[in-house]
Amino acid sequence: DFSKAMSQAGTSQFQEVIRQELEYSMKVELDKILSTASSNELEHTKKDLEGFKKLFHRFLQEKGPSVDWGKIQRPPEDSIQPYEKIKARGLPDNIASVLNKLVVVKLNGGLGTSMGCKGPKSLIGVRNENTFLDLTVQQIEHLNKSYNTDVPLVLMNSFNTDDDTKKILQKYSHSRVKIYTFNQSRYPRINKETLLPIAKDVSYSGENTECWYPPGHGDIYASFYNSGLLDNLIGEGKEYIFVSNIDNLGATVDLYILNHLMNPPNGKRCEFVMEVTNKTRADVKGGTLTQYENKLRLVEIAQVPKAHVDEFKSVSKFKIFNTNNLWIALSAIKRLQEKNAIDMEIIVNPKTLDGGLNVIQLETAVGAAIKSFENSLGINVPRSRFLPVKTTSDLLLVMSNLYSLNAGSLTMSEKREFPTVPLVKLGSSFTKVQDYLRRFESIPDMLELDHLTVSGDVTFGKNVSLKGTVIIIANHGDRIDIPAGALLENKIVSGNLRILDH
């Protein structure tokens, strides 16, 4: 036992030496990069690299999944409230004064690359030529006009989306919404083998674009604070932010949740509220809220030990998942940021660059900070508040007659008999937005659709109706044209169906 203990001690000493060497090498490389910054880049590059250094230090310290599975418990009954209970309290007469304490923040760091688009994802047309950003501005403008309030919109951009977004913002200069932006940090990607940055200088254009990345939306706390905007908004009397992904079209300002925050029934305000919703089979990988060491804690699939992944995915044990619609007290962000007390697990995101080089990105997720805030709460909201558009299959749903658009908000059509959304799977011929748009002469009637699978070279004519379960499969080399006006109800279409003009 003595020799085993000695060898373990030796191993941990050896690991500590290696850790120190890696940290030292990283510091040397980061100093070299910083020395290439111009005087006007120096200050923010320094802040970015300091933040990265802290993250890298933690990455070297932590080993294996970051949760002890044995400590995970179901959250206490009252820690996740049903939305119906929050709504039943009604609204106060002075809802305008409550709204004036709110700031809407949209996470706008992502590019539309997964849907074959260049530039910010928020600029993809979603409905009647309106982009995600257009719909967001319309929603807040409608609030401000209806209640005579001044709810501002804040966009957290990344270095990938900032320029294009700022150009577009000029068109809203006369709208009744104050719009502010701040930028996420810019962190260096690390070579997977050497654990050193692949960047040699601070530039991030041309061939250097692949050297840098925005470090996930958990970066919001530090970059919001560093930008000075957090203090300015507190100075204007703002108290809460409502944060959500810009591609979640269900994430509109909810007055009942806001009232619950500002006027809590027990007199004790929550610093952090996470909207969760019930899992379906499509959401088994979503992060879930658990009780862990007497705190509410968000557990993501990446943190789960391999032996427990199936249990984590089980809809019966973990019934809810995080929508990433979050309500957070500004004063709490400021307090925790100044104490360096926001604790978020590190997500290690492996990537392969175009040239074949394997790199890793160290990221964090905004919801993971829930355990650092006091008096946190989950609210189990209707599924309609989670309507993300990640793929063209999602885009087909929100462009269809399943939804109607009013003042920037999408609501499910009353003509649909059941509240669930159809399951839609479009094949690889539809992945890119421009290909997808070319394949539909008009968006089909989907009010009575349960399930749609499309694979291969398929096009849809005008005024097609889809009902029940529809499966359309064009084999390799074949093409299927669904004719204008066709009604497909519980049909499988396969082989070759070509309609030619003569």
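The values are calculated or read from the model by the stated rules, or taken from the named source; none is laboratory data. Computed from a prediction, not measured in an experiment: that's the story for all the values here. Methodologically, a virtual Cβ is constructed for each residue, glycine included, from the backbone with ideal geometry; neighbour enumeration extends over all protein chains shown. Keep in mind that these areas ignore ligands, DNA and RNA; they rest on the heavy atoms of the full protein, side chains included. Shrake-Rupley method; radii C 1.70, N 1.55, O 1.52, S 1.80 Å.
Brief remarks follow.
- DSSP bridge pairs, the stretch 69-385: antiparallel proportion in percent, nearest 5: 55
- The heavy atoms of Met399 present about 50 square angstrom of accessible area, all protein chains included, probe 1.4 Å.
- For Thr459, distant residues with modelled amide H under 5 Å away: Ile480, Asp481, Ile482
- The dipole here belongs to the chain: it is taken about the Cα centre, uses +1 on the Cβ of Lys and Arg and -1 on the Cβ of Asp and Glu, and is about 600 debye.
- In summary, no lysines lie within cross-link reach of Lys87, defined as a Cα separation below 17 angstrom excluding same-chain residues under 8 places away.
- Checking every one of the trypsin sites (Lys or Arg not before Pro) in the stretch 29-95 against DSSP loop status and a limit of 15 other Cβ atoms within 10 Å picks out Lys63, Arg89.
- Residue-by-residue Karplus 3J(HN,Hα) for the stretch 447-458, coefficients 6.51, -1.76, 1.60, Hz, glycine and proline x: 4, 10, 8, 9, 8, 10, 10, 10, 9, x, 7, 10
- Taking 0.36 nm per residue of separation and subtracting the Cα-Cα distance, full extension of the segment from Ser12 to Asp354 would add 119.4 nm.
- Kyte-Doolittle mean at least -0.5, axial Cα span of 27 Å or more - DSSP H helices of the chain: 2-34
- Segment Thr36..Glu62, full-extension length gain: 6.2 nm, with 0.36 nm per residue of separation and the alpha-carbon distance subtracted.
- Taking the helices alone, the chain has a mean residue ellipticity at 222 nm of -8500 deg cm²/dmol, built from -39,500 (n - 2.57) per DSSP H run of at least 4 residues and averaged over all its residues.
- Taking each residue as 0.36 nm, the span from Ser409 to Ser203 lengthens on full extension beyond its C-alpha to C-alpha distance by 70.2 nm.
- Only beta bridges with both residues in the stretch 392-494 are counted; by DSSP, about 15 percent of them are antiparallel.
- Take the stretch 307-395 with all the other protein chains still there, run a 1.4 Å probe, and you get 39 Å² of accessible area per residue.
- In this structure Asp354 has an accessible area near 140 Å², from a 1.4 Å probe over the protein heavy atoms.
- For the chain, the relative contact order is 15 percent, taking Cα pairs closer than 8 Å that sit 6 or more residues apart in sequence and dividing their mean separation by the residue count.
- Local electrostatic count at Leu447 - Lys and Arg +1, Asp and Glu -1, tallied over other residues with Cβ under 13 Å: -3
- Over the chain - Rg/Rh using Cα atoms and the Kirkwood inverse-distance radius: 0.99
- Residues whose amide H comes within less than 5 Å of that of Ser494, counting only those at least five positions distant or on another chain, are Ile473 (H built at 1.01 Å from N in the peptide plane).
- With each label modelled as a point 7 angstrom along the Cα→C-beta vector, the Ser114-Lys317 pair spans 2.6 nm.
- In order along the stretch 76-88, the phi-based Karplus estimate (6.51 cos²θ - 1.76 cosθ + 1.60, θ = phi - 60°) of 3J(HN,Hα) comes to x, 3, 7, 7, 10, 8, x, 4, 4, 5, 5, 5, 4 Hz; Gly and Pro are listed as x.
- Gly110 long-range amide H proximity, modeled H, under 5 Å: Lys121
- Taken about its Cα centre, the stretch 182-339 carries a charge dipole of about 540 debye when Lys and Arg each add +1 at the Cβ and Asp and Glu each add -1 at the Cβ.
- For the pair the stretch 94-117 / the stretch 334-398, the C-alpha centres are spaced 15 Å from each other.
- Leading residue at positive end of dipole, the chain (Cβ point charges), from Phe440, Leu111, Leu452: Leu452
- By accessible area, using a 1.4 Å probe on protein heavy atoms only, the chain has 50% of its surface on carbon and sulfur.
- FRET efficiency estimate (nearest 0.05) - Cβ-Cβ, Glu21 to Val433, R0 60 angstrom: 0.80
- Trypsin sites (Lys or Arg not before Pro) within the stretch 423-502: DSSP coil, no more than 13 neighbouring Cβ in 10 Å: Lys462, Arg498
- Computed about its Cα centre, the charge dipole of the stretch 150-245 is approximately 200 debye, with only Lys, Arg, Asp and Glu carrying charge at their Cβ.
- Inter-part distance where the stretch 183-223 and the stretch 12-80 are each reduced to a Cα centre, Å: 13
- 3J(HN,Hα) along the stretch 417-425, derived from phi through the Karplus expression 6.51 cos²θ - 1.76 cosθ + 1.60 where θ = phi - 60°, amounts to 7, 10, x, 7, 8, x, 8, 10, 10 Hz, with x in place of Gly and Pro.
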